[in-house]
Amino acid sequence: MTAAPLAGVTVLAVEQYGAGPFGTMLLADLGAEVIKIENPAEGGDVGRKVGPYAFGPGESHFHHAFNRNKRSLTLNLKHPEGMAILRELAAGADAILDNLRGDLPERLGLTYDGLKDINPRIVCAHLSAYGREGPRKAWPGYDYLMQAEAGYCSVTGEPDGPPARFGLSVVDMMTGLMAGFALLSGIVGARATGRGMDLDVSLFDTALHNLSYLATWALNGGHAQGREPRGAHPSLTPSQLYRTADGWLFIMCNKEKFWPALCERIGRPDWATDPRFASARDRLAHRELLTEMLDGVLATAPTAAWISRFAGAVPAAPVLDIADALATPFVAERGNVADFARREGGMPVRMLRGPVRVDGAWPRTEAAPALGADTDRLLASLGRGPEAIRALRSKGTV
């Protein structure tokens with residue numbers, strides 16, 4: 001990058017697994033120094049061991065996907081000395097983010113009240129399953145549970161099939177993004193006022209908030225949205241999957257202007273003036289018939305041919321598997337995939353770049369750090385000499 005907008009921002013991350021690491025990774029992409037706190041007694045972040053694929057012990061592919069561009073400090077916060085070191089780091093940090101169980105931040109002293117004495121500007125962002133208050137604050141929770149309870153599974157899949165979850169951990173990633181957004185908002189506020197704060201984000205609240213217009217329909221119109229055939233939009237058509245000669249195509253005519261454009265490109269301009277399909281309401285009323293008619297036309301050519309024919313005039317996309325999605329010419333042209341160098345050397349890790357560009361440039365590409373890779377350097381910055389560091393390591397503090 002020609003400029004790193006978060007250069008000079010220091011974030012301590014008491015995190016593990018997916019949601020928290022995803023959020024802080026986005027901050028690290030944009031130049032923040034993210035110091036990942038990992039418990040040496042547990043072998044670091046549990047995500048280091050998530051299989052089935054790994055480059056070696058403690059180096060799972062999963063872990064690398066959530067921890068690029070960070071620093072790793074081994075620190076056992078259950079040791080008084082470990083907590084003392086964290087407080088020393090917090091004195092010079094802008095923020096601390098944890099994704100612990102809801103009852104743990106206060107117990108460990110990771111709240112604003114617990115840290116304001118050493119840094120009144122510290123921002124404490126807490127990412128939990130169900131929040132830090134209420135009857136569920138001590139409950140563990142995971143993405144798929146939120147998808148189930150927040151209604152996602154009820155709107156995913158075919159109408160005559162069982163409820164289904166998203167194929168990706170979308171709640172984890174959305175909550176991580178929300179936590180990063182909250183943390184940066186807190187830093188802006190703290191720099192303006194000189195006072196930090198606690199910010200709370202939960203998997204459950206984020207999952208529920210993402211219901212968006214479906215929630216508004218239910219709360220104001222009493223409409224309980226269910227599963228639609230072929231992943232169709234609940235109120236617009238054609239906006240769903242269609243069969244082609246060799247697979248599937250997703251078409252989204254979500255504005256009136258796209259319907260006549262589609263009719264023209266598939267060689268059926270007469271459909272644009274058919275009274276059964278004159279408006280979005282008309283097409284929705286005849287969706288089953290329209291699906292059958294479009295299938296009949298689209299099945300006469302392969303998916304690639306239709307994408308070429310639509311060429312930006314009709315919003316459409318091929319349905320690809322993960323491997324094919326990563327290998328398209330468009331992905332290569334965009335440069336979304338890159339080799340991430342390891343600071344300790346060895347073969348680079350091939351991964352997706354961060355999604356935000358600055359002045360047209362992609363974020364830095366540094367692979368996830370080895371466990372404790374930055375421990376000695378960070379302790380030295382706090383005035384610990386080699387003997388003191390060896391003593392801390394012998395006691396299991398670091």
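What does the accessible area per residue of the chain come to in Å², with a 1.4 Å probe and no ligands, DNA or RNA counted? Let's see the in-between values first.
On the way: 19420 Å² over 398 residues.
With the other protein chains kept in place, the chain gives 49 Å² per residue.
Note on residue 382 and residue 188: the model spin-label points, each 7 Å out from Cα along the C-beta direction, lie 3.2 nm apart.
The alpha-carbon of residue 137 sits under 18 angstrom from the alpha-carbons of these aspartates and glutamates, leaving out residues fewer than 8 places away in its chain: 15, 98, 103, 106, 149, 172, 198, 200, 205.
Based on every Cα atom in segment 249-357, Rg and the maximum pairwise Cα distance Dmax equal 19.6, 67 Å. Taking trypsin sites (Lys or Arg not before Pro) across segment 26-83, the ones in a DSSP loop with at most 12 further Cβ atoms lying within 10 angstrom of their Cβ are 78.
For the chain, carbon and sulfur atoms together expose 59% of the accessible surface, with a 1.4 angstrom probe and every protein chain in place. Global size of segment 1-151: 15.7, 48 Å for Rg and Dmax (C-alpha atoms, Rg to one decimal, Dmax whole).
The values are calculated or read from the model by the stated rules, or taken from the named source; none is laboratory data. Computed from a predicted structure; not experimentally measured. Note that each Cβ is placed from the backbone with ideal geometry, even for glycine, and that neighbours are counted across all protein chains shown. What goes into the accessible areas is simple: the full protein's heavy atoms, side chains included, and nothing from ligands, DNA or RNA. Shrake-Rupley method; radii C 1.70, N 1.55, O 1.52, S 1.80 Å.
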